[in-house]
1. Look through S479, S504, S523 and report the one residue that is surrounded by fewer than 15 Cβ atoms within 10 Å (Cβ to Cβ), closer than 25 Å to A454 by Cβ and touching a Leu at 6+ places or on another chain (Cβ under 9 Å).
2. Does the range 498-505 contain any residue that is part of a loop (DSSP other than H, G, I, E, B), among the aliphatic types (A, V, I, L, M) and at pLDDT 90 or above?
3. Answer yes if at least one residue in the range 466-475 is closer than 17 Å to E530 by Cα, in contact (Cβ under 8 Å) with a residue 12 or more places away in the chain and either in contact with a Leu (Cβ under 9 Å, 6 or more places away or on another chain) or basic (K, R) (or both), and no otherwise.
4. Counting just the residues of the range 482-492 that are polar (S, T, N, Q) and loosely packed, with under 15 Cβ neighbours inside 10 Å, which one comes out farthest from the chain's Cα centre (by Cα)?
5. Would you pick out the residues in the range 75-101 that are farther than 30 Å from R156 by Cβ and surrounded by 18 or more Cβ atoms within 10 Å (Cβ to Cβ)?
6. Which one of these is closer than 30 Å to Q491 by Cα and either of a type outside the set (V, I, T) or in a strand (DSSP E or B) (or both): E387, E459?
7. Inside the range 296-345, can you point out the residues that are among the charged types (D, E, K, R) and not in a strand (DSSP E or B)?
Amino acid sequence: DMKFKELNVKITPNTPQLVDVFPSSFKVCGYVAPHKLLSASSEKSSTTVVLSKIGVPGHQVIAEAHEQNGQFCVFLEPGIYEAAVKVSEIEKAKGLQFYPQVKVFEVVDSPIVSGIEFTQLKVKLSGKISCHAAGNNCGEIPVHLQAIPGDNTDARVPVAIVVSKGGIYTFSDILPGKYQVSVDKDDWCWEKSNHVINVGTAEVTNIPTFRQTGYTVTFVHHMTLRGFKVNAAASGNLAVKRGTTRSCVSAAGTYDFTPVGCHGFAQPSVRWNSATTPPTPVRLIAVSHSMGGRVLSTENVKDMFINVLKIKNAKLFTKLGPLTGKPGADGKMAYNFELMVSEGENLMLEPTAGTLLFSPPRGSLVGANDCINLAVELHAEKGRLIEGSIIPPSAGIKITVTRGTTDEVVVITETNEDGKFKIGPLQGGVDYRVKAEKEGFVLTGPDANGNFNAHKLAEVIVEVLDKADNKPLQGVLLSLSGGESFRRNSQTGADGKMTFSSLSPSEYFLRPMMKEYRFEPPSKMITVKEGATVNVQLK
């Protein structure tokens, strides 16, 4: 247990005694406890112990602990020393540290065989969970501990799982190093669901508290939504993304979620309760999608409408308008509109405005499986209107518009009760001819204002009745003559009537004829004045 330095002694008759002999060094032994690394328990680690003499720079003694029993022994000169187990940076990164890190001892005049011991440093991790339940009664919640080896911030090595009770949990015998602690309760929302901590040499490390902030709502949908309106214990909007989205509500209770976006749903809102176990996702299936369109017009009008028809049955789907124009590109007015259309539905759009001509005159669209901002675009420009009136006013006058010098008929209409007509809008830059006609009228015009002068001709309306039953008599031949070489023969119809129209003012002779019938009077002289209607009854 001791070592002595070799001495040369000279003995003479004058010096028959030996000098005193003292030990030069004493045996010092210690112990390194079994230990393991964070990454793998079977991996061998350091057993080198460095003993340094204090006050003597560079004076070090290296000892190797026995691989099986962990003991080491060296001989040291008297003095004050510090001992430490040599740990590489790689081993430190794998969680290897010893306690104490440095052991100070003094060699005086005897061996040291105990008191220098090194054990692997293991610490205790403690944490809390704060939840909304009364009395912080959070129940049993799994908490995961994962090691983050070295500088690989993405890697996670499972270490332990504990279950919290009463909002408290503990991990024991944890090696120093970098860890991620995470709480495993997905149906709750957390201020932070995981914490990254560095475990050092302290015997107890406190983990930041996990704080519940609300309850998780899972939305499953296949459309893009701006969010959901929330009407329940709390109110507000939730932002969501396409697919499966998880959002949070701050308080427990029943909620009505109303989707906000460009889609239409079979149910306007979905009810959800935070107490449902397991939590039920909010599933949404769209039945229609927004289809946007616009009309670009050279004119700003207030009477822009769009009739939307179903192509399969030509029934009116809806009517949009009046649309409001906003300044657009190239100085045109943009009339934007929006329709909710089911996927695959075929619609026809017919725009109307009093003074506009549309190109194309109508549009079509087919419902898509998502919203489209601009599914159809139409163009409009100021068209030509043809309008006028009959003087004096007369309803039912046929108005025919033809193109240029040809006989191509563009449109046919009739005057209204006020004797007025309005046609168009028609394509600009084209010459049109307007003609007015009606039996029994002489119409001249149009003048510069589009008006026609009407001159009504006279007419004689003859009614023939059977005297026996006073019923209309059909097939009676009526002969009317007079005026300037006027003569016409016609038969009465089923109503027993016959009208002689377009007559000039004059005296006319009327005679009825039919086999086996005699009429009273047998003939009649009729005076017809200009534009007059004369009613004659015969039996």
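1. Residue meeting the stated conditions: S504.
2. no
3. no
4. Only one residue fits best here, namely S485.
5. L76, Y81, A83
6. Exactly one residue qualifies, and that residue is E459.
7. Filtering the range 296-345 for residues among the charged types (D, E, K, R) gives 299, 302-303, 310, 312, 315, 319, 326, 330, 332, 338, 343, 345.
Of everything in the range 296-345, those that are among the charged types (D, E, K, R) and not in a strand (DSSP E or B) turn out to be E299, K302, D303, K312, K315, D330, K332, E343, E345.
One line per residue, one yes/no per condition, for (1) touching a strand residue (DSSP E or B) at 6+ places or on another chain (Cβ under 7 Å); (2) farther than 30 Å from I148 by Cα; (3) not assigned by TED's automatic domain parsing to the domain that holds K178:
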{"position": "N14", "(1), (2), (3)": "no, yes, yes"}
{"position": "S24", "(1), (2), (3)": "yes, yes, yes"}
{"position": "A84", "(1), (2), (3)": "yes, no, yes"}
{"position": "Q97", "(1), (2), (3)": "no, no, yes"}
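The values are calculated or read from the model by the stated rules, or taken from the named source; none is laboratory data. Computed from a predicted structure; not experimentally measured. Here Cβ is always computed from backbone atoms with ideal geometry, including for glycine, and neighbour counts include all displayed protein chains.
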